[in-house]
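*Asks:* Can you keep this structure in mind? I'll have questions shortly.
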Amino acid sequence: MKKQNVRTLSLIVCTFTYLLIGAAVFDALESETEKRRRDVLDYVERKLIQKYSVSTDDFKLFETIILKSEPHKAGQQWKFAGAFYYATTVLTTIGYGHSTPSTVAGKLFTMFYAIMGIPLGLVMFQSIGERLNKFSSHVIKKVKRVMNCKDTDASEINLICVVTTLSGLTVAGGAAAFSRYEGWTYFDSVYYCFITLTTIGFGDMVALQKDNALATKPEYVAFALIFILFGLAIVAASLNLLVLRFVTMNTEDERRDEAEALQAMQGAVRLEGDVITANGSIMSGQGGHGEHVEHTELVECEDDNASVCSLPCGCLGRRDGGARAPPSPPPYPGPGHHGRHHRPSYALHNAAQFMPPLRGLMPLLLERDRPMRARRLANEVDWPAVPTYRNSI
C-alpha cells in the first residue's frame with residue numbers, strides 16, 4: 001500500500017478517535033451543568049406564571065419578543081456599519097448568527113456573495129500570511145547577523161515561534177480591548193478572540209451588540225473590524241507553517257514514487273519485444289513487428305565470458321578476445337514452412353557489454369524456430385566484422 005493511502009487512513013482514524021475523545025470530555029464537563037441550568041429556568045418559569053397569572057401561550061409570546069429583540073439592542077443591523085459587519089462575518093466564514101437576512105432576496109444574495117467572497121478571502125489571507133512569513137524571515141536573518149550567529153538562515157522553527165508570538169500578542173491585546181468595551185471578564189474576552197480568529201463563531205458572545213454600539217461608537221466598530229481582518233491574517237500565517245507542511249507530504253511522496261518508478265524503468269531494456277531487467281530475467285512481450293513470442297527459456301551460463309547470442313555459429317565470439325569462428329550459412333527452412341516467429345535482437349550482445357548483470361545469461365530460442373530466426377537475422381541485420389556472411393547465402 002502506498003504511503004499516501006496509509007497516511008490518509010491514519011488521518012481518518014485519528015480524526016474520528018479525536019472526535020470520540022472530545023465528545024466524551026464535553027459530555028463529562030457540560031452535561032450536568034446543562035441539566036442544572038435547565039431545571040433552574042423551568043423553576044423560574046413556573047414561579048412567574050404563578051405569580052402573575054400568565055397563561056402558557058402569553059409566556060411563550062414574551063419569550064419570542066425577548067429573543068427577537070436581542071439583535072436590535074445594538075441599533076439597526078442592516079445599515080451600512082451593521083451590513084459591513086455582517087459581510088465580514090460571511091467572507092471570513094465566522095458566521096456569528098447575530099443577524100441573518102429575512103427576505104428571499106437577501107438570502108439569495110448571501111449565497112452568491114459567499115460563493116465569490118469566501119475563496120477570495122481565503123486567497124487574500126493566505127497571501128498576507130506568506131508575505132508576513134517572508135517579512136519575519138528577513139527580520140530573523142538581520143537579528144541573527146547582529147547577534148553574530150553562525151547560521152543566519154531563518155528555519156521553520158524560528159518562523160513558527162515568531163508567528164505564534166504574534167498570535168498570542170494579538171489575542172491578548174484584543175481581549176484587553178473587548179473586556180473594556182463589552183464589560184466581559186478577561187478570560188471570556190480571550191475565549192471570544194480565539195473563537196473569532198479560528199472562524200468557529202459560536203455566536204454566544206458577539207461584539208458590537210450592546211448600547212447601540214454600531215451607531216454611537218464608530219472607533220470601536222473600526223477596531224473590531226481591523227482586529228478580525230488582521231488577526232485572521234496572523235492565523236493564516238500560522239496555518240501556512242503548521243498545516244501546510246503536513247498537507248504537502250502526500251505531494252512529496254508522489255514525487256518520490258515517480259522518481260523510484262523512473263529509476264526502476266532505467267534498469268530494464270526493451271530489445272525487440274524482450275524486456276531484459278537488471279536482475280537478469282527476460283520477460284517476453286510483443287515482437288518488433290507485432291509478432292508474439294511463443295516460448296522463451298532462461299539458461300544460466302557458468303562461463304562469464306560466454307556470448308548471449310543463441311546462434312550455433314558462434315559468430316559473436318568470446319569476450320576473452322579469442323578468434324571469431326567463421327559463420328556457416330543457416331539451413332533453408334524449406335518450402336511451405338510457415339510459422340509464427342519472433343525476430344531476434346542482435347542488440348543483445350552490445351547490451352551485455354554495458355549491463356554486467358546480463359553476462360551470465362544466454363537466452364535459448366525454441367529449436368523449431370532457430371532456422372528461420374537465423375535466416376531473417378542474416379538478411380535484415382547488418383553484421384559487423386563479418387562482411388562475407390550475407391554473400392554466402
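*Asks:* Restricting to the stretch 100-115, count the residues that are open to solvent by 100 Å² or more (accessible area, probe 1.4 Å) and either among the hydroxyl-bearing types (Ser, Thr, Tyr) or over 14 Å from Thr89 (Cα atoms) (or both).
*Replies:* We begin by selecting, within the stretch 100-115, every residue open to solvent by 100 Å² or more (accessible area, probe 1.4 Å); these are 102, 104, 107, 109, 111-112, 115.
From what is left, the residues that are either among the hydroxyl-bearing types (Ser, Thr, Tyr) or over 14 Å from Thr89 (Cα atoms) (or both) are 102, 104, 107, 109, 112.
Number satisfying all stated conditions: 5.
*Asks:* Quick one: is Arg180 closer than 30 Å to His72 by Cβ, open to solvent by 80 Å² or more (accessible area, probe 1.4 Å), charged (D, E, K, R) and over 23 Å from the mean Cα position of the chain (by Cα)? Show your work before the answer.
*Replies:* On the way: closer than 30 Å to His72 by Cβ: yes; open to solvent by 80 Å² or more (accessible area, probe 1.4 Å): yes; charged (D, E, K, R): yes; over 23 Å from the mean Cα position of the chain (by Cα): yes.
Here the answer is yes, as Arg180 does meet what is asked.
*Asks:* State which residue pairs qualify: first residue closer than 19 Å to Ala83 by Cα and of a type in the set (Lys, Arg) and inside the stretch 186-215, second residue open to solvent by 60 Å² or more (accessible area, probe 1.4 Å) and in a loop (DSSP other than H, G, I, E, B) in any location, beta carbons under 8 Å apart, and separation of 6 or more residues or different chains.
*Replies:* Lys210/Gly183
*Asks:* Which count do you get for residues in the stretch 254-269 that are at pLDDT below 70 and part of a helix (DSSP H, G or I)? Steps first, answer last, please.
*Replies:* Quick first cut of the stretch 254-269, residues at pLDDT below 70 only: 266-269.
Subset that is part of a helix (DSSP H, G or I): 266.
So the count comes out to 1.
*Asks:* Still on this structure, please answer the following. For the condition on the phi < 0 side of the Ramachandran plot, polar (S, T, N, Q) and in contact with a Gly (Cβ under 6 Å, 6 or more places away or on another chain), what is the one hit in Thr164, Thr152, Thr170?
*Replies:* Working: Thr164 fails: in contact with a Gly (Cβ under 6 Å, 6 or more places away or on another chain); Thr152 fails: in contact with a Gly (Cβ under 6 Å, 6 or more places away or on another chain).
Just one listed residue meets the conditions, Thr170.
*Asks:* Could you list all residues from the stretch 35-71 that are of a type in the set (S, T, N, Q) and more than 30 Å from Tyr96 (Cα to Cα)? I'd like the intermediate steps shown before the answer.
*Replies:* Our first condition is that a residue be of a type in the set (S, T, N, Q); within the stretch 35-71, this holds for 50, 53, 55-56, 64, 69.
The answer is Gln50, Ser53, Ser55, Thr56.
For (1) open to solvent by 50 Å² or more (accessible area, probe 1.4 Å); (2) more than 24 Å from the chain's Cα centre (by Cα), each residue gets a yes or a no:
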residue	(1), (2)
Gly82	no, yes
Leu122	yes, no
Lys144	no, yes
Ile160	no, no
Thr165	yes, yes
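*Asks:* Applying the selection to the stretch 163-185, what residues are over 13 Å from Ser238 (Cβ atoms), free of Cβ contacts under 8 Å to residues at least 24 places away in the same chain and assigned to a helix (DSSP H, G or I)?
*Replies:* Once the filter is applied, which keeps residues that are over 13 Å from Ser238 (Cβ atoms), free of Cβ contacts under 8 Å to residues at least 24 places away in the same chain and assigned to a helix (DSSP H, G or I), the stretch 163-185 yields Ala172, Gly173, Ala175, Ala176, Ser179, Arg180.
*Asks:* On to the next question. Does Lys60 satisfy the criteria of being part of a helix (DSSP H, G or I), farther than 28 Å from Gln209 by Cβ and either of a type outside the set (Gly, Ala, Ser) or out of contact with any Cys (no Cβ under 9 Å at 6 or more places or on another chain) (or both)?
*Replies:* Values: part of a helix (DSSP H, G or I): yes; farther than 28 Å from Gln209 by Cβ: no; either of a type outside the set (Gly, Ala, Ser) or out of contact with any Cys (no Cβ under 9 Å at 6 or more places or on another chain) (or both): yes.
No: the conditions fail for Lys60.
*Asks:* Separate question: Taking only pairs six or more apart or across chains, which ones have beta-carbon atoms under 8 Å, a first residue in the stretch 51-73 that is at pLDDT 85 or above, and a second residue that is open to solvent by 100 Å² or more (accessible area, probe 1.4 Å)?
*Replies:* Once the first residue is at pLDDT 85 or above and sits in the stretch 51-73, its partners that are open to solvent by 100 Å² or more (accessible area, probe 1.4 Å) give Val54/Phe62.
The values are calculated or read from the model by the stated rules, or taken from the named source; none is laboratory data. Small disclaimer: the values here were computed from a predicted structure and weren't measured. When we count neighbours, we look across all protein chains shown, and the Cβ atoms used for this are built from the backbone with ideal geometry, even at glycine. Note: accessible area is taken over every heavy atom of the protein model, side chains too, but ligands, DNA and RNA are not part of it. Shrake-Rupley method; radii C 1.70, N 1.55, O 1.52, S 1.80 Å.
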